[in-house]
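Note sheet for the following structure.
The values are calculated or read from the model by the stated rules, or taken from the named source; none is laboratory data. In this text, all values refer to a predicted model and were calculated from it rather than measured experimentally. Cβ coordinates were reconstructed from backbone atoms using ideal geometry, including for glycine residues, and neighbour counts include every protein chain displayed. Surface accessibility is based on the protein's heavy atoms, side chains included, excluding ligands, DNA and RNA. Shrake-Rupley method; radii C 1.70, N 1.55, O 1.52, S 1.80 Å.
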Amino acid sequence: MDSGNKPIVSFLGPVASYSHQAVRQVFPEKIWELRPVNTIDDVFDEVQDHLVTAGVVPFENSTNGSVVFTLDNLADRKGRYKDVTVDGEIFVDVHHCLLGRKNPNSKLDEAHEASGACTPTATDPVPLKPKSKPLGSLSHIRRLYSHPQAFGQCNAFISTYLKGVEIIDVSSTSKAAEIVSQDETGTWAAISNHLALSLYSLDLLGKNIEDREDNTTRFLVIGTKPSVPSDWNLRKQTIAKSGSRSLVSFTVPHTSPGALADVLGCFTESNLNLTSINSRPSLLAPFQYVFFVEFEGHRYDDSDGRVKGALEKIGHVAQSWRWLGSWERYR
């Protein structure tokens, strides 16, 4: 697990990804070895197999919603990640750049205005208006690479200035920049971040191209089944000041009317505030789901027994359930 004397934390790479930025905020390189891997699955695999001490995965974006790749691994339909728990969260303000090669005919022409720009149509009567413009003509761009989440966060810019360009999904925004850096035609571009600009020696074609200025991604820190920390009593005061969250997953008998409401009622009865609800297909039968509920409260900081009470009640009404972790909140 260790590299020399350093514990290892894995993250969705390559370097210069937003996951890399998240890791750098919390895991100082003087103490930790930061290990990029190719996919979110790889992060979960390395954590479960105890090849690393911790992993960092994207969980949700304020503009584009949940990251389904992470939810699918937390659903753990095949029992692969039975020891993995959520131990923390990291927030990253996400500002996307368009990276590539400048147009050889570099004069800013009408092309960057004319690519289907912001014109009301029958199918889109109130089109989104991008908050930034290209830094030059994009008429030479034929392919656009990025992670699906990034495409969803930059919809207005893409539909206005890159309409008709071939969209290609890749595993991360930094991978997109790496691919575009190898393009010899000069007609490919990537939605990535400013850190990747110098790393891959690309040109800046657009800056802050995300739809919303408050675009933020939340990442989860995952580990393997922590016991009650040895310094728990010292940390309780910190947790009380900053707040805490817990995450559980569950399935319900779909033939039983009100089964989902019965589980959610367990939180109401215990006076626990729900902060998010997600679902993913269970793959046991069509249109049956694994549900995820995040709520305020901590399994180990539960002096009034509300969290314990809710979990006990869920055990009586859910078809199956799993506690996925509790963590302190820092923002």
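So the values come out like this:
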{"read-out": "Share of carbon and sulfur in the accessible heavy-atom surface of the chain [1.4 Å probe, %]", "value": "50 percent"}
{"read-out": "Exposure ranking of T268, T63 by accessible area [1.4 Å probe, largest first]", "value": "T268, T63"}
{"read-out": "Karplus (6.51, -1.76, 1.60) ³J(HN,Hα), θ = phi - 60°, over the stretch 89-103, in Hz, Gly and Pro reported as x", "value": "9, 9, 10, 10, 6, 9, 10, 8, 10, 9, 10, x, 10, 4, 5"}
{"read-out": "Protection proxy ranking of 284-295, 143-154 - average other beta-carbon atoms within 10 Å, highest first", "value": "143-154, 284-295"}
{"read-out": "In Hz, Karplus ³J(HN,Hα) per residue of the stretch 180-186 (6.51, -1.76, 1.60; θ = phi - 60°; x = Gly, Pro)", "value": "5, 5, 8, 6, 9, 8, x"}
{"read-out": "Residues of the stretch 240-330: accessible area per residue with a 1.4 Å probe, Å²", "value": "52 Å²"}
{"read-out": "Neighbour net charge for T268 - beta-carbon separation under 12 angstrom, K R +1, D E -1", "value": "0"}
{"read-out": "Alpha-carbon radius of gyration plus Dmax, which is the widest Cα pair, for the stretch 240-330 in Å", "value": "13.3, 44"}
{"read-out": "Lys, Arg +1 and Asp, Glu -1 on Cβ, resulting dipole of the chain about Cα centre, debye, nearest 20", "value": "220 debye"}
{"read-out": "Sequence of E296, E184, E269 from largest to smallest accessible area, 1.4 Å probe", "value": "E184, E269, E296"}
{"read-out": "Relative frequency of Cα-Cα separations exceeding 38 Å in the chain, percent", "value": "25 percent"}
{"read-out": "Neighbourhood net charge (15 Å Cβ-Cβ; Lys/Arg +1, Asp/Glu -1) for S279", "value": "-1"}
{"read-out": "Mean Cβ neighbour count within 10 Å, used as a protection proxy, ranking 87-98, 298-309 highest first", "value": "87-98, 298-309"}
{"read-out": "Accessible surface of L272 - all protein chains present, 1.4 Å probe, nearest 10 Å²", "value": "20 Å²"}
